[in-house]
Structure formats: structure tokens, C-alpha cells
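Undergrad: My questions will all concern the structure given below.
No value in this document is a laboratory result; all are computed from the given coordinates. The shown structure was predicted, so the numbers you read here are calculated from the model rather than taken from an experiment. Glycine also receives a Cβ, built like all others from the backbone with ideal geometry; neighbour counts cover every protein chain displayed.
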Amino acid sequence: MKITTFRLLHLFSGVLICLTLAASTWAGTRPTAGRVAVADVPALDGLWKGQLKVPGGQLEVIFRFVKLTGGEYFATLDVPLQKVNHMAVKTEVKGDTVRMFAEEANSRFVGRVSADGKQMTGVWQQPGFKVPMVLTFSALPAMNAKNVRLTPPYREEEATFSNLTVNARLSGTLTIPAGPGPFPAVVLLSDTGPHDRDGTVGDFAPLGMLADFLTRRGVAVLRFDDRGVGKSGGVPAVTTADLVSDAQAGLNYLRTRPEIDLSHLGLIGHGEGGNVALLTAAQPLPPAFVVTLAAYGLPGREIVVQQQATTLRTLGTETAQIEAATKRQQAMLEIIRQTTDNAQAQAIVANMLKQNNSAIDNATAQSSAAEMTSPRYRYFLAFNPIEKLTAVNCPVLMLNGSSDLTINADANLSALDRGLKLNKNKNVVYKKLLGVNHLFQPESTKWPIVNGQPQPNFSPEAQETIREWIMAQTKK
């Protein structure tokens with residue numbers, strides 16, 4: 001039995017894939033696609049897991065709901081066996097009924113929450129396929145609970161600082177190595193979409209793991225909840241450029257701390273966070289160094305097209321179908337670019353969506369079209385990550401994984417490298433890590449066994465490469 005032969009994105013056979021607003025696939029933006037803003041919303045915050053019965057077997061699907069400070073929810077979908085990760089889910093809640101639509105997979109689930117809030121019973125549907133499914137609720141793991149976490153061999157404290165540019169109060173965790181210091185330090189920046197201070201995706205916390213590793217080895221680390229998440233206030237940022245002031249606020253906070261070596265204060269950014277770090281390094285009072293993890297090097301338009309093709313190829317779609325879907329997507333992007341009148345653009349895009357996918361109703365098509373023509377999406381399509389790199393003079397380490405289905409390592413690394421070296425920056429190092437995915441997890445064969453089960457970890461090779469490079473900067 002080969003479960004992975006079933007195509008989750010069944011509609012890709014000759015039909016246009018909808019442009020996703022997924023946190024893991026839409027660089028430079030803070031999507032609203034997965035948010036819920038409805039009165040009397042059930043307590044959805046947590047993981048909802050179920051088994052999707054498919055021809056030849058079944059697939060585990062995991063919906064993750066994160067409650068924002070404004071009472072809204074941000075929802076994503078994971079299908080581990082299909083390597084689908086952090087896919088955005090549009091969600092509508094009316095009473096005890098929850099409607100979820102994953103545009104990228106052209107799949108939807110409609111279910112009712114049980115009285116005790118522990119189950120959601122409903123139907124999964126996509127073109128040509130409809131099956132009942134039950135989701136079971138589980139709370140997000142408490143990463144700092146005493147029963148699962150030993151006291152670390154370093155100092156740890158709650159950090160609160162202000163971004164005066166947008167009048168937002170940000171909260172996070174500062175970890176300081178044992179000893180008097182001063183220590184080299186970094187601010188961690190999360191990937192696209194609302195994230196907590198650990199960069200949590202499902203039950204995996206890459207930024208929390210990296211912070212622990214570095215602090216144990218002599219590097220102070222500040223990580224913080226994104227605006228509107230956890231204990232941080234403010235409204236979630238819209239564009240990549242909007243997030244620069246958050247990074248600057250974090251650096252300025254560390255500059256007030258006597259334990260920090262001000263001459264070796266840097267930024268480490270994951271995904272979009274890597275691009276934020278590079279933009280920050282091009283501003284006055286830059287960091288001493290930058291580390292990017294799966295940063296974007298290609299323009300937004302190219303990223304969107306490349307991601308669709310990679311997803312389709314991974315799911316076994318035929319080459320001719322991929323080429324056809326790519327042409328349709330490029331045509332839609334060109335319409336958005338050329339049509340500056342939003343009402344007109346929305347009408348054209350909604351019509352294109354319905355023509356290419358008869359399963360999409362009018363409301364969904366119009367909602368998708370509105371998102372695709374929004375200022376934030378237009379910004380992303382026009383965003384060119386290398387435009388301001390000539391102003392980056394500090395040392396830069398860039399890491400990408402060969403198994404990253406979101407960002408192609410070769411294309412994006414080479415683009416960033418060229419951009420950084422246009423100004424003859426000789427302190428640029430980049431490396432492609434074999435078997436590492438977008439979350440910087442190594443191949444599953446290299447995961448540690450915990451309680452008899454393999455558990456994902458942050459790539460040890462990536463961690464050691466980062467540590468060694470940072471320590472090398474302190475000796476210059």
C-alpha cells in the first residue's frame with residue numbers, strides 16, 4: 001500500500017490551482033486568509049487531528065488554530081505524509097459549525113463541534129471526492145511546562161520592549177548564558193504569518209530549539225511573540241518592510257543590556273524573517289551580522305509560480321498538467337499587475353477562478369479575488385528581495401535546505417549571493433544543507449527517539465554551522 005500516491009490536490013488535473021495565502025508560502029505578507037472574526041466562536045485554539053480515508057489507505061490531517069490577541073484565529077493545515085506543511089485555511093464559524101477551505105489544495109471541510117469541544121464531525125470534500133471525517137482536539141503543548149522541561153543551565157527572563165514606530169508593546173524571552181559576559185547576542189525573527197516566540201508550527205518549535213542550543217553555547221538570544229500574538233500587542237504587520245521596525249526594536253532592547261557584547265549583536269531570521277534581517281541590515285544602526293534560514297531571493301511573482309510547480313511535482317502531477325497550471329497562474333498574476341483598479345481586477349480574477357474551477361462558489365471566488373488584489377498581496381508580487389542588498393555591508397551567513405518544498409535552495413541562495421556581492425561584500429557565506437526542509441528539520445531517519453517515538457528536531461548540522469560562524473565573527 002502506497003498512501004502517498006493519493007493526490008491531495010486532486011483538482012490539479014487540468015485545473016488552475018488557487019493562489020495560496022499560506023503563511024509558509026506567501027513571503028513578505030501577514031495573511032488574513034486563516035483568521036476568524038465571528039461572535040460566539042467555539043474554543044478552537046489548539047490542534048485538530050483526524051484520519052482522512054483515501055483510496056488505498058488513510059492520511060493524517062492536522063488543523064492548527066492559533067488565537068490572536070484580538071480574539072481572532074489563524075488556521076493552518078498539515079498533511080505530514082504528503083509533506084504539506086502550514087497551508088493557510090480560510091475559516092468561517094457560525095455557532096457550532098466550522099467551515100474550512102484550503103485554497104491551495106482546493107479542499108474543504110465542514111464540521112460541527114461537539115458539546116464538550118473535543119470533537120469536530122463533518123465531511124471532507126474536493127472535486128470528485130467526498131468522505132466523512134472526525135477531528136479530535138488536543139491542546140498545544142506547553143513548551144515551558146515544568147513537567148516536560150528541565151531547568152536550563154542559563155538565565156531566562158521575560159522581556160518586554162516597545163516598537164515606537166507603530167506604538168506596539170512586544171513581549172518575548174531573553175536567554176543569557178551562565179557567567180558574567182558580555183556575550184554575543186542575536187534576535188530571532190519568525191517566518192511569514194503570526195507566530196509565537198518559539199516560531200511554533202504544529203507541535204514543532206524551531207526558534208525555541210535554536211535559542212536553547214545557542215544559549216547553552218555562549219550566545220544570548222532574544223525571541224518574541226509577533227504583533228498580535230501571545231503577549232505582544234499591536235496589529236499584525238502587513239509587509240516585509242513593516243517588520244523591520246520590530247527587528248530594530250529588538251536590537252535596541254538588547255543594546256540596553258549590560259550582559260550583551262554590543263559589537264557582536266546580530267539577527268537570525270527564518271523564511272521571511274531572513275529577508276527582514278537583510279532589510280534591517282541595510283538601515284542605519286545595522287546589526288553586526290545576519291544569518292538567514294530559507295530566505296527568499298527571487299521576486300514574489302517568481303516565488304508563487306515556483307512554489308505551485310514544486311507542490312504539484314511532489315504530489316506526482318504530470319509535467320503537462322504542471323505547465324498548464326503554471327500558464328494559468330502566470331496569466332492571473334499578470335492581470336493583477338496590469339489592472340490597478342481593484343474592483344475591476346477583483347471581478348476579472350473571480351471570473352477566472354470560477355472558469356478554471358467549477359467547484360468554487362461565488363462567495364469563495366470573490367473572497368479569494370479580494371485577497372489576491374489586496375495591497376499586501378500586490379506588495380508581495382512586486383517585492384524583489386535583492387533590491388536593497390547593496391546597502392548590506394555586514395557579514396552574512398545564508399542557509400537553505402535541499403528538501404525545502406517552499407523555497408528552492410539553489411535558485412534563492414544564488415540570487416541573494418549575487419545581490420549581496422554587487423557592493424563587493426566579501427563577508428558572505430552560503431550553504432545548502434542536504435535533507436533539510438523548510439522548518440530546518442533533518443531527514444526523519446535522523447530524528448531522535450523520545451519515549452519510543454521519533455521526534456522532529458532542528459538540524460544539528462544547521463545549529464552547529466550557525467554557532468561556529470557566529471563565534472568566528474567574535475574573533476574578528
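Undergrad: In what order do E371, E334, E259 fall by count of nearby beta-carbon atoms within 10 Å, going from fewest to most?
TA: Fewest-to-most ranking of E371, E334, E259: E334, E259, E371.
Undergrad: Rounded to the nearest 500, what is the chain's calculated 222 nm mean residue ellipticity when only DSSP H runs of at least 4 contribute -39500 (n - 2.57) each, over all residues?
TA: That calculation yields -8500 deg cm²/dmol at 222 nm.
Undergrad: Here's another thing I want to ask about it. Can you work out ³J(HN,Hα) from phi for every residue in region 445-459, in order, using Karplus 6.51 cos²θ - 1.76 cosθ + 1.60 and θ = phi - 60°, giving whole Hz and x for Gly and Pro?
TA: Working through the residues one at a time gives 5, 9, 6, x, 9, 10, 6, x, 10, x, 10, x, 9, 6, 3 Hz.
Undergrad: Starting with the highest mean, order 431-441, 381-391, 336-346 by the number of other Cβ atoms within 10 Å, averaged over the residues of each peptide.
TA: Highest mean packing first, the order is 431-441, 381-391, 336-346.
Undergrad: Here's another thing I want to ask about it. What length, rounded to one decimal in nm, is gained on full extension from K446 through to T340, with 0.36 nm per residue of separation minus their alpha-carbon distance?
TA: Residue separation times 0.36 nm, minus the Cα-Cα distance, leaves 33.2 nm.
Undergrad: Given [x] 68, 42, 36; [y] 68, 62, 50; [z] 63, 51, 45, which label gives Cα extents along the principal axes in Å as computed from the coordinates?
TA: [z]
Undergrad: Is the shape of region 288-396 rounded, prolate or oblate, going by the alpha carbon gyration tensor and its root eigenvalues a ≥ b ≥ c, with a/c under 1.5 for rounded and a/b larger than b/c for prolate?
TA: Taking the square roots of the gyration eigenvalues as a ≥ b ≥ c, region 288-396 is oblate.
Undergrad: Listing S444, S232 from the residue with the fewest other Cβ atoms within 10 Å to the one with the most, what is the order?
TA: Lowest count first: S444, S232.
Undergrad: Putting +1 on Lys and Arg Cβ atoms and -1 on Asp and Glu Cβ atoms, find which of I62, V79, A43 reaches farthest to the positive end of the dipole of the chain.
TA: V79
Undergrad: Going by the alpha-carbon gyration tensor, a ≥ b ≥ c the square roots of its eigenvalues, is region 345-476 rounded (a/c under 1.5) or, if a/c is not under 1.5, prolate (a/b greater than b/c) versus oblate?
TA: Oblate shape, in that a/c is at least 1.5 and b/c is the bigger or equal ratio.
Undergrad: While we're here: Measuring from label point to label point, each 7 Å out along Cα→Cβ, what is the R217 to V429 span in nm?
TA: About 1.2 nm, to one decimal.
Undergrad: Also: Assuming R0 = 25 Å, what is the FRET efficiency of Q51 and V110, from their Cβ-Cβ distance, to the nearest 0.05?
TA: After rounding to 0.05, the efficiency reads 0.90.
Undergrad: Using a Förster distance of 45 angstrom, determine the FRET efficiency expected from the C-beta separation of N362 and S171, and round it to 0.05.
TA: Step by step, r from the Cβ atoms, then E = 0.60.
Undergrad: Need one number: nm distance between label points at N393 and A347, each 7 Å from Cα along Cα→Cβ, rounded to one decimal.
TA: Distance between the two pseudo-spin positions: 5.3 nm.
Undergrad: Now for a separate question. Could you order peptides 234-245, 322-333 by the average number of other Cβ atoms within 10 Å of their residues, highest first?
TA: With the highest mean Cβ count within 10 Å placed first, the list reads 234-245, 322-333.
Undergrad: For a quick protection proxy, order the peptides 180-188, 45-53 by their average other-Cβ count within 10 Å, most packed first.
TA: 180-188, 45-53
Undergrad: Turning to a different aspect of this structure: Place +1 on the Cβ of every Lys and Arg and -1 on the Cβ of every Asp and Glu in the chain, take the dipole about the Cα centre, and give the residue among H270, A102, A363 whose Cα lies farthest towards its positive end.
TA: H270
Undergrad: Right, here's the next one. Is the C-alpha gyration tensor of region 162-201 telling us rounded, prolate or oblate? Criteria: a/c under 1.5 is rounded; beyond that, a/b larger than b/c is prolate, otherwise oblate.
TA: Since a/c reaches 1.5 but b/c is at least a/b, the shape of region 162-201 is classed as oblate.
Undergrad: For region 227-250 and region 104-124, write down the distance between their C-alpha centroids in whole Å.
TA: Region 227-250 and region 104-124 have Cα centres spaced 32 Å from each other.
Undergrad: I want the antiparallel fraction of DSSP beta bridges within the chain, as a percent rounded to 5.
TA: Bridges in the chain that DSSP calls antiparallel: roughly 75 percent.
Undergrad: Applying 1/(1 + (r/R0)^6) with R0 = 60 Å to the Cβ-Cβ distance of A320 and T97, what FRET efficiency is obtained, to the nearest 0.05?
TA: 0.90
Undergrad: For E157 and E464 in one chain, what is 0.36 nm times their gap in residues minus the Cα-Cα distance, to one decimal in nm?
TA: 108.1 nm
Undergrad: I've got another one for you. Need the full-extension length gain, Q330 to L422, defined as separation in residues times 0.36 nm minus the C-alpha distance. One decimal, nm.
TA: 30.2 nm
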